[in-house]
Amino acid sequence: MAPETLAEAERLLLGGASRDAVCEALGVGRKALERAFKKAHGMPPDRWRRQVQGVEPRPSRPDVAFRLSPGDRAELARRAEAAGVSPSEFARSLVREGLARGR
């Protein structure tokens, strides 16, 4: 992808355009856009936009599970069972409430 095209893609993304809208406006494929961003910035377009805008991404379930120590995982499963929800739903509720602690 030409540097001018990449610069236009960046401008559109920061203006709030979706990845698909950027591809359509520039006449490039989604994979080509992703490759160009990974080559230029080391990350996909959406992550680049969040980083530039200073937006914290929501932690994923694997991130939350990783931050819980092995003993905490068993406790998480017991508490989830007591609450009548799956362990993943219980972990999401901890994240929403800000109770998951970092490692």
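Lys and Arg at +1, Asp and Glu at -1: add these up for the other residues within a Cβ distance under 15 Å of Gly27 and post the number. Please list the in-between numbers first.
Working: positive: Arg19, Arg30, Lys31; negative: Glu4, Glu8, Asp20, Glu24.
Charge balance in the 15 Å sphere: -1.
What net charge is computed for the residues neighbouring Asp46, neighbours being all others with C-beta under 11 Å from the C-beta of Asp46, Lys and Arg scored +1, Asp and Glu -1? Display every interim value, and only then the final one.
Values: positive: Arg19, Arg47, Arg49, Arg50; negative: Glu34.
Within the 11 Å Cβ shell, the charges total +3.
Of the listed peptides 3-10, 78-85, what is their order by residue-averaged count of other C-beta atoms within 10 Å, with the highest listed first? Don't skip to the end; give the middle numbers.
Working: 3-10: 14.9, 78-85: 12.2.
Result, highest mean first: 3-10, 78-85.
Below 12 angstrom from the Cβ of Pro3, what's the summed charge of the other residues (Lys, Arg +1; Asp, Glu -1)? Before the final figure, lay out the partial values.
Values: positive: Lys39; negative: Glu4, Glu8, Glu10.
Here the count lands on -2.
Sort largest first and round to whole Å: the equivalent ellipsoid semi-axes of region 3-53, each the square root of five times a Cα gyration tensor eigenvalue.
Working: eigenvalues 39, 32, 18 Å².
In descending order, the three semi-axes are 14, 13, 10 Å.
Quick note: the coordinates plus some simple rules give every number you see, no bench work behind them. Note that the structure is predicted; figures quoted are calculated from it, not measured. Ideal geometry is used to build each Cβ from the backbone, glycine not excepted, and the neighbour counts take in all protein chains shown.
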